[in-house]
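Below you'll find the structure, written out as structure tokens, and then a few comments.
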Amino acid sequence: MLIRSMSRLVIVVVALVGTTALRVNLADPWGTPAAALAQGVGNFDGPWYFAGDLTAPSLIIQAGTALTLMNEQGRVATGSGTTSQLRVNWGDGPITGTLSPDARQINWDNGTYWQRHALIDAAMLGAPNVGGIWYSADDATKRALIVQNPGGTLAFFNEQGRPSPGVFTGPNTLVASAWEGGVAGTLSPDGNFIGWSNGTNWRR
């Protein structure tokens, strides 16, 4: 069911690009990290899930303050965003959504909400799901690995194969303690980008 939902997202991206002339990278449907967005604009870009349900995907394609949205019913509309709010009309009257401080949930004024995949993982694991293969500096030949243990501890292996133990230090921050005296990482709202304090980055 999840694979079918993600396939639907890719199909919708193609449809939206065709109708709005927006450009997105279909190889990276998860969207760009918050740091890439214009100053003063919230990070709404990428897939969301209605009421935290992974079988009910929604999508926002963002170009500055201009937004194109698809809800969980497949209805498409345009909207606009500010630092922490977005406004859209699917034909039933305008509706306003408020972005949570961690940029992982949109609370709509009709009482519904959308969540990022990373927030759903956090609810199940007690922390964001960062386990798996990552790529340093967007280079497919520089593979890194994070092993996430049930107890909450982490094991990092960078693109050179150097290991380090690690832990989460906050809802979206972590540290690899054995590298350079401790390298801190900040996880993007979509959970697919880590910016490290030594100036490097990992993406999946």
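The values are calculated or read from the model by the stated rules, or taken from the named source; none is laboratory data. Predicted model only: the values in this text are computed from it and were never measured. Don't worry about glycine lacking a Cβ; one is built from the backbone with ideal geometry, like all the others, and counts go over all protein chains shown.
Quick notes
- Count of the range 116-160 residues which are small (Gly, Ala, Ser), at pLDDT below 80 and surrounded by 15 or more Cβ atoms within 10 Å (Cβ to Cβ): 2
For (1) within 19 Å of TRP114 (Cα to Cα); (2) at pLDDT 90 or above; (3) basic (Lys, Arg); (4) not in a strand (DSSP E or B), each residue gets a yes or a no:
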{"residue": "ARG23", "(1), (2), (3), (4)": "no, no, yes, yes"}
{"residue": "LEU26", "(1), (2), (3), (4)": "no, no, no, yes"}
{"residue": "LEU54", "(1), (2), (3), (4)": "yes, no, no, yes"}
{"residue": "THR68", "(1), (2), (3), (4)": "yes, yes, no, no"}
{"residue": "ALA77", "(1), (2), (3), (4)": "yes, yes, no, no"}
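- Scanning the range 162-169 for residues that are out of contact with any Lys or Arg (no Cβ under 8 Å at 6 or more places or on another chain), outside any strand (DSSP E or B) and of a type in the set (Lys, Arg) turns up at least one hit.
- Any hit, the range 128-145, residues being free of Cβ contacts under 8 Å to residues at least 12 places away in the same chain, assigned to a loop (DSSP other than H, G, I, E, B) and in the same structural domain as SER58 (by TED's automatic domain parsing): no
- Residues of the range 100-115 that are modelled with pLDDT of 95 or more and crowded, with 18+ Cβ neighbours inside 10 Å: ILE106, TRP114.
- Among the residues of the range 81-99, those that are in contact (Cβ under 8 Å) with a residue 12 or more places away in the chain, surrounded by fewer than 21 Cβ atoms within 10 Å (Cβ to Cβ) and small (Gly, Ala, Ser) comprise SER84, GLY91.
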